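Asks: Quick one: structure below, then a few questions.
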Amino acid sequence: MTTDRGARFWRRPGAGAEGRRRFIPVFILVGLGAFIALLNPTFLTPSNLITVVLQASILSIVAIGQTYVILTAGIDLSVGSLVALGGALSAGLAVKAGLGTYPAILLTLLVGVGLGAVSGLLVVKGHIPPFVATLAMMAIARGLTLVYTQGRPIAGLGADFTFLGTGDILGIPMPVWIMAVVAVLAALLLTQTRFGLYVRAIGGGGEETVRLAGVRPGVIKLLVYMLSGFMATLGGVLLAARLWSAQPNAGIGLELDAIAAAVLGGASLFGGIGGVGGTLIGALLIGVLSNGMNLLEIPSYYQQVVKGMVFVLAVLLDFATRRRPTP
C-alpha cells in the first residue's frame, strides 16, 4: 500500500464523492415518502410501513451480496435465478426429501455458495468478464430450478419453515430480523476486517494494489462471488417461507433491483465505493416506490417501466458523480 498506485487509491476523487453522495439517497427516500403520503395517507400507517420494510428485507439481503461484487468492479446477474433455486431447493429438500427445515436450508445455502464459486472461478481462472460469467450462471440456475420443480410450485412447507417468512418477534417480521443480523455482520466484515479492505482496494486501486500487499486478488474475488451466492439463496429461502411455497418463476428481474439498490445507495459500478448502510437505504427506496405504486393502483406493467427508469437514473447518477481513478 506504500506504492504511488496504492496511495492514489486512498486519495482517489471517488472518496470525496462518496462523502458528498452519502445523504442523497436519504433525501430522495424522505421526499418520495412524503409525496406518496400526500397522495395516499395510508402510506404512513404503522402496518403499511412494516409492510414496506418487510418487502425490502429480502431485496436488502440479496443487494448486500451484490454490493460486495460491485465493490470489486464486478457484477452478478445470477442472483435472481439463485433466489428461485434457493427457494425451490430448500422447499423440495424439506418437503419431498424429508430432510427437515434446517438441514434443507443449510444444504441449500451450501449449494448457493458452490454456484457462486463457479461464477467466481469463471471470472478469476477463466478470465471471463463478470457480466458474461454471471449471465451464464443466471441461465443455468433458472434452468436447474425449472428442472427440479418441473415448472410447478412446491407447497406443503412446515410451520417452522414458514415461520421464517411469516412469523414475528416483538411485532417485527422474521425476515426483517434476519436482514438486520445479516446487514450488521456484512457491515462489520466490510469495515472492520482486512478482507473488507481488500474488497474495496480491488475495485478502487486495482488488483495490483492488493497483490503488492501480499494478498492474492483472485481469492478475494472468488470469496465475494461465493458470498453473493449465499445471500441470494438465503433470500430465496425467506421468499419461499413468506409465500408458503417455492415458485419456479421467483426472482425474475430481482438482479436489476439488487444492482439499483446498491447504486442508489452510493455504490459505484466502477468499484471501490459503496457500503452496506447505503445499500439498505437503496433497497428501502425501491420498496417505498413499489409500495407507493401499489397504493396508487398503478398497473403492474407501468410499474416495470418506472423501475426500469429508476435503474437508468441510478446508473446515470453513478456516472455523473464518479470518475474512475487514473492508473
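Asks: How many times 2.2 N^0.38 Å is the alpha carbon radius of gyration of segment 102-167?
Replies: Normalised Cα radius of gyration, segment 102-167: 1.41.
Asks: Give the order of Glu207, Glu297, Glu255 when sorted by the count of other beta carbons within 10 angstrom, beginning with the fewest.
Replies: Glu297, Glu207, Glu255
Asks: Calculate the all-directions average of the projected area of segment 71-129's alpha-carbon convex hull, and give it in nm².
Replies: So the mean shadow area of the Cα hull is 4.5 nm².
Asks: For segment 174-289, what does the relative contact order come out to in percent, with C-alpha contacts under 8 Å and a separation of six or more?
Replies: Computed value for segment 174-289: 25 percent relative contact order.
Asks: Still on this model: Excluding same-chain residues fewer than 8 positions from Lys125, which lysines have a Cα within less than 22 Å of its Cα?
Replies: Lys221
Asks: Å³ per residue of the Cα convex hull, for segment 240-327?
Replies: 124 Å³
Asks: Is segment 19-157 best put as rounded, prolate or oblate by its Cα gyration tensor, with a ≥ b ≥ c the root eigenvalues, rounded for a/c under 1.5, and otherwise prolate when a/b is larger than b/c, oblate when not?
Replies: oblate
Asks: What is the spread of the Cα atoms of segment 173-299 along each of their three principal axes, largest first, in whole Å?
Replies: Principal-axis extents of segment 173-299 (Cα, largest first): 54, 27, 25 Å.
Asks: Now, a different point. Relative contact order for the chain using alpha-carbon pairs under 8 Å, separation at least 6, rounded to a whole percent?
Replies: Value for the chain: 35 percent.
Asks: Stokes-Einstein at 20 °C, 1.002 mPa s, Kirkwood radius from Cα pairs: D for segment 184-252 in µm² s⁻¹?
Replies: The diffusion coefficient I find is 154 µm²/s.
Asks: Provide Ile178, Ile28 in ascending order of the number of other Cβ atoms located within 10 Å of each residue's Cβ, fewest first.
Replies: The order, fewest Cβ neighbours first, is Ile28, Ile178.
Asks: Of the listed values (i) 6, 23, 30, 23, 12, 4, 2, 1, 0, 0; (ii) 5, 21, 24, 21, 16, 9, 3, 1, 0; (iii) 6, 27, 34, 23, 9, 1, identify the label whose number matches P(r) over Cα pairs in 10 Å bins from 0, in percent calculated from this model.
Replies: (iii)
A short reminder: the numbers here are calculations on the coordinates, not readings from a lab. Nothing here was measured: the structure is a model prediction, and the numbers come from that model. With ideal geometry, Cβ positions are generated from the backbone for all residues, glycine too; neighbour counts draw on all protein chains shown.
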